[in-house]
Each structure stands twice: as structure tokens, then as C-alpha cells.
Amino acid sequence: PVRYLQMDGVLYPPLPGYAAHLKQVQNFPCRSDDVWIFGYPKSGNHWMWEMVNMVLKHRSEFENDFMERYLVDFEDLSSPALSRDSRRVLVSHLPCQHAPLGVFEKGVKIIYVMRNPKDVAVSAYNHLASVTDDFRNLSFSDFLSLYMDGKVYYGDWYDHVFSWFARCRGSRNILVVKYEDMKRDLLTEVKRVAKFLDQPMDGDTADRIARACSFSCMKQGKREYSGKWRQDGLIHSVYRKGQVGDWVNWFSPEDNEQFDKRHEERMQQSGGVTVDFQLD
Ligand code: A3P
């Protein structure tokens, strides 16, 4: 059986001391000029982190660093990366109710990344099966049943999205960016992000950033730094396939039928939050 840590009804990895860490994260000192990226795991968080760093620096080079060092969910909160002086681009997969309180108190800019939950399931399965013993022996269908019940790390995808969309209402500090839109037209999304972050940007720079952030360039570019990365092997799952609609290669017709049925049920339970996305 898969083991979890439970906090207020949300499941997390059962790591030693993790409940205490999550409490500390809630009190993490935020700065008003921070940029925070929130997203359910496997929604394109690494992609967005690279892109935001490029936008802030007006250059199309990859960070000589890894997103994991800015992921407050797991990083030592007193690490030099997290407390550096320059403008910070921080990342978290936490649902809104567990996010650092400072992000709301300081009114920081938040980008919420979102991806088709079917593709997220496939990406999460591949990732978790490669890094976690508890998930390694599950078939995809078994994993999908857990995922549909919210019995995966960070809990139910719908709860996550609803928690953030409820916050988005009426907030000018939160920008939602969809993985599928980034795949369709990255240049437009680069410009949207630049505008949101108050970074006037000429078309040429935006174009160079969009090109650098293509899946193949990024996979190659980050691999060059991977020797310095403590989690070297993860490069394969962080940059696995990078496609929209890979779920068709994994879902059986029964899986898909069950998923769609559950989707309808869950969307009825959004608490009045409107979430606009497509499942196919
Ligand atoms: P796949 O497993 O479907 O390939 P996260 O960063 O939130 O962990 O998400 C990882 C997913 O984003 C992986 O999905 C990965 O391939 C995809 N991804 C990372 N960089 C990308 C890029 N530049 N373009 C498209 N997809 C990218």
C-alpha cells in the first residue's frame, strides 16, 4: 500500500519531519517583489520557472541552477538560494490553503500553472514510479484509481485547482497559465507573463525566450547542467515527453469513461468556481 502524510485532509509524501516543514512553509518570509509559481505537480512548473527567470532577466539563457532549489515544499528554508538578495522566483505545489500566508499578505505576483488532469496523471505516474518505491509496482490503471480518489501526493487535482481559482477571483496578482496554451503558442504566453510581471519586452527578446523554452532546447540545455544537480536522474522525468494529449496512449477506454464520469461529478462540486479547460 502507498503511505502518506495527511494534513487537513490533503495527502503528502510521508517524509520524516515533513509535517513540521509544511508548518514552517506557511510562515515562510515572503517579499513583495517575489514571484511565486504555484501548480499541481507535473503541470509544467519547471518550464514556467525557467521562463519567468528569463523574462525577468530579459535574456534567453537557462538558469545555471535547478528549480528544486527554489521549491519551498522540500528545500531547507534557510538555504542561500531561498534567501538570496536578488528578485526571487519561488515555486510550490501546495494547494492555496497550505500556501505561505505571506504571499497573500504581501500581495506578491503569483503564476498558477495548470494542465489537463489526464496528462498530469500520466506525467505523475511516470515520475512517481521512477522515484518512489510505493508507486513503482502499480499499473497505470491502479495509479489512476488512486489519482481519481485524490490519494496521491498533494491530494486531488480538482481540489487544488478549485482552491487557487477561488483565490483568483477578483485578484490582479494571480495569473493562470495553461500548459496547453504554452504548447500552442509559447510566444503569446511569454508576452502575457512579461506584461503581468511589468517587464516591457521587445518582440525579438520575447521570441528568443520562446524559442529557448521549447521542449527540445530546454531538455538539452538543462542536461548540460545536470552534472551539478544532486538529483541527476530526475532530468528524465522532468523532461520526459512534453506533449499535449499523451494520455490517449495510457488510458484504456474504461479508464477514460470512469475519468470523464468523475470529472463531471467533481466539476459540480466546484463551490461556484468557474474553471475553464478542456479534457481532450
Ligand atoms: P511529461 O511527463 O508529460 O513529459 P513539472 O515541471 O510540473 O514537474 O512538469 C513536468 C512536465 O512538464 C513533464 O511532462 C515535462 O516533459 C513537461 N515539460 C517540461 N519542460 C517543458 C517544455 N519546455 N515544453 C513542454 N513540456 C515541458
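The values are calculated or read from the model by the stated rules, or taken from the named source; none is laboratory data. Being a predicted model, the structure only gives us computed values, none of them experimental. Heads up, the Cβs are rebuilt from the backbone with ideal geometry, glycines too, and the neighbour counts pull from every protein chain shown. Side chains included, ligands, DNA and RNA excluded: accessible areas come from the protein's heavy atoms. Shrake-Rupley method; radii C 1.70, N 1.55, O 1.52, S 1.80 Å.
Selection of first residues in the stretch 258-274 that are in contact (Cβ under 8 Å) with a residue 40 or more places away in the chain and of second residues that are of a type outside the set (Asp, Glu) and surrounded by 14 or more Cβ atoms within 10 Å (Cβ to Cβ), restricted to Cβ pairs under 6 Å at least 6 apart or on distinct chains, gives the following pairs, ordered by first then second residue: ARG262/MET148; ARG266/TYR158; SER270/PHE162; VAL273/PHE162; VAL273/PHE165; VAL273/ALA166. For TRP36, are the conditions met, namely being in contact with a helix residue (DSSP H, G or I) (Cβ under 7 Å, 6 or more places away or on another chain), of a type in the set (Phe, Trp, Tyr) and more than 10 Å from the ligand (Cβ to nearest atom)? In short, yes.
Would you tally the residues in the stretch 63-78 being in contact (Cβ under 8 Å) with a residue 60 or more places away in the chain and open to solvent by 90 Å² or more (accessible area, probe 1.4 Å)? Residues in the stretch 63-78 being in contact (Cβ under 8 Å) with a residue 60 or more places away in the chain and open to solvent by 90 Å² or more (accessible area, probe 1.4 Å): 1 in total.
The set of residues in the stretch 89-126 that are of a type in the set (S, T, N, Q) and outside any helix (DSSP H, G or I) comprises SER92, ASN116. Summed over the stretch 147-161, residues that are away from the ligand (no atom under 16 Å from the Cβ) and among the aromatic types (Phe, Trp, Tyr) total 1.
Filter the stretch 162-182 down to the residues that are away from the ligand (no atom under 16 Å from the Cβ) and outside any helix (DSSP H, G or I), then identify the one that is most open to solvent (accessible area, probe 1.4 Å). So the residue we want is ARG172.
Against the numbered list (1) touching a residue at least 12 places away in the same chain (Cβ under 8 Å); (2) open to solvent by 30 Å² or more (accessible area, probe 1.4 Å); (3) part of a loop (DSSP other than H, G, I, E, B), SER86 comes up short only at (1). Take the conditions (1) of a type in the set (Lys, Arg); (2) modelled with pLDDT of 95 or more; (3) not in a helix (DSSP H, G or I); ARG230 misses just one of them, which is (2).
Check whether at least one residue in the stretch 112-129 is of a type in the set (Lys, Arg), surrounded by fewer than 19 Cβ atoms within 10 Å (Cβ to Cβ), within 30 Å of ARG59 (Cβ to Cβ) and at pLDDT 95 or above, and report yes or no. Don't jump to the end; show me each part of the working.
Here is the first cut: in the stretch 112-129, the residues of a type in the set (Lys, Arg) are 115, 118.
Pick out the ones that are also surrounded by fewer than 19 Cβ atoms within 10 Å (Cβ to Cβ) and you get none.
No, that holds for no residue.
Please indicate, with yes or no, whether at least one residue in the stretch 234-242 is modelled with pLDDT of 95 or more, open to solvent by 20 Å² or more (accessible area, probe 1.4 Å), among the aliphatic types (A, V, I, L, M) and closer than 20 Å to SER123 by Cβ. No: zero hits.
Please verify whether SER60 is over 12 Å from the mean Cα position of the chain (by Cα), surrounded by 15 or more Cβ atoms within 10 Å (Cβ to Cβ) and within 15 Å of the ligand (Cβ to nearest atom), treating the condition exactly as stated. When the stated conditions are applied, SER60 passes them. Whether a residue is under 24 Å from MET51 (Cβ atoms) and outside any helix (DSSP H, G or I) was assessed, and ASP207 does not pass this test.
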